[in-house]
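Novice: The structure under discussion is supplied below as C-alpha cells; questions concerning it will follow.
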Amino acid sequence: MAFNIYLVRHGQTYLNRYNRMQGWCDSPLTPKGIQDGHKAGRRLAHINFDFAFHSDTTRATRTCKYILEENVASPVTPTPTELRNFREQGYGYFEGSDSSQAWLMIGAAHNCRTFKEIIENYSIEEAKDFAKAADPFHDAENNAEYWERVGAGFDYLKKVVPDNSNVLLVSHGTTIRSIVHHFDPSVDITVSPANGSVTKLVVDNDKISVAYFNQSATDFEY
C-alpha cells in the first residue's frame, strides 16, 4: 500500500505578516495569502487529487479551496475534508505574542534566543517541551501531546486512503517542519517552509519518506 501526500503550508495570514505566534489561534489570509493559495494550486494543477484534507483553521480551509480551484487534472474535484490532527502546534500562553519575544522567553533558560537556535542546538521536539515548560499555564503542547494527535492523523489516512492515491493536505509551518524532521532527520528544517510551499511525502505501508521539502519554484517537477 503506497500513496502520496502533497503537504502545503497555508497562505500568508495577518499574524504571519505581523510576526505573531499563530498556532491554535487564527487570522484571515492577506491578499498575498490568497495569491499564495492560487499559486500553489497552479503548481499542482496537473496532479490528479483523489482526496483533499485541511486542518480545522480558516487559513488552511481557504487555502485548500484556492488550490483546488486551480486544478485541471482531477476528473472529479475531491470534497475538502477537515482533519484537526494536522493543525499547528499549540503555543498556549504565547498565542498571538510577538514571535521573536516569545521564542526568547522560551529559549533563554537554554541559552537560546531564537527558534532557529533552539532547533539547531537542541531539536524541534525539545522546542515543544521547552514551550510548555515556559508557559505559565502549561497549555502549550509538548512533544508527546503533539505527536499523539499528529500520529493519529497519519493512522487515519492509512485507513481511508487507497493504494496509488494522491492526497492534498493543507497544514502549517511548524507542523510541516516537525513531520519532515520526524521521518527524515537529514533534511534541513532550520528555515521555515514558505507560505504556499509544497512538501511531498510518500507513504509506503508503515514507512513514510520525504520526497522533497519546501518547494515553490514554478519550474520544479512536482
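Novice: Just checking, does the range 53-63 include any residue being in contact with a Pro (Cβ under 7 Å, 6 or more places away or on another chain), crowded, with 24+ Cβ neighbours inside 10 Å, of a type outside the set (A, V, I, L, M, F, W, C) and farther than 18 Å from ALA217 by Cβ?
Specialist: yes
Novice: Might you let me know whether the range 130-138 holds any residue that is farther than 27 Å from GLY37 by Cα, open to solvent by 10 Å² or more (accessible area, probe 1.4 Å) and assigned to a strand (DSSP E or B)?
Specialist: no
Novice: Continuing with the same structure: Exactly one condition in (1) in contact (Cβ under 8 Å) with a residue 40 or more places away in the chain; (2) within 11 Å of the chain's Cα centre (by Cα); (3) surrounded by fewer than 23 Cβ atoms within 10 Å (Cβ to Cβ) is false for ILE176; which is it?
Specialist: Result: ILE176 fails condition (3) only.
Novice: Would you check if PHE94 is in contact (Cβ under 8 Å) with a residue 24 or more places away in the chain and among the hydrophobic types (A, V, I, L, M, F, W, C)?
Specialist: Spelling it out, PHE94 is indeed in contact (Cβ under 8 Å) with a residue 24 or more places away in the chain and among the hydrophobic types (A, V, I, L, M, F, W, C).
Novice: Could I ask something else about it? Taking only pairs six or more apart or across chains, which ones have beta-carbon atoms under 6 Å, a first residue in the range 209-222 that is outside any strand (DSSP E or B), and a second residue that is not aliphatic (A, V, I, L, M)?
Specialist: SER216/SER197; TYR222/ARG43
Novice: Please specify each residue of the range 83-122 satisfying the condition of being open to solvent by 20 Å² or more (accessible area, probe 1.4 Å), within 27 Å of TYR156 (Cα to Cα) and outside any helix (DSSP H, G or I).
Specialist: ARG87
Novice: If you don't mind, another one. Filter the range 1-40 for residues that are within 15 Å of SER192 (Cα to Cα), more than 16 Å from the chain's Cα centre (by Cα) and either among the hydroxyl-bearing types (Ser, Thr, Tyr) or outside any helix (DSSP H, G or I) (or both) and give the result.
Specialist: ASN19, ARG20
Novice: Exactly one of (1) under 24 Å from ASN121 (Cβ atoms); (2) part of a strand (DSSP E or B) is unmet by VAL170. Its number?
Specialist: Here VAL170 meets the rest and fails (1).
The values are calculated or read from the model by the stated rules, or taken from the named source; none is laboratory data. In this text the structure is predicted, and so the values were computed from the model without any measurement. Cβ coordinates were reconstructed from backbone atoms using ideal geometry, including for glycine residues, and neighbour counts include every protein chain displayed. Ligands, DNA and RNA are stripped out before the accessible areas are found, and what is left, the full protein with its side chains, is counted by its heavy atoms. Shrake-Rupley method; radii C 1.70, N 1.55, O 1.52, S 1.80 Å.
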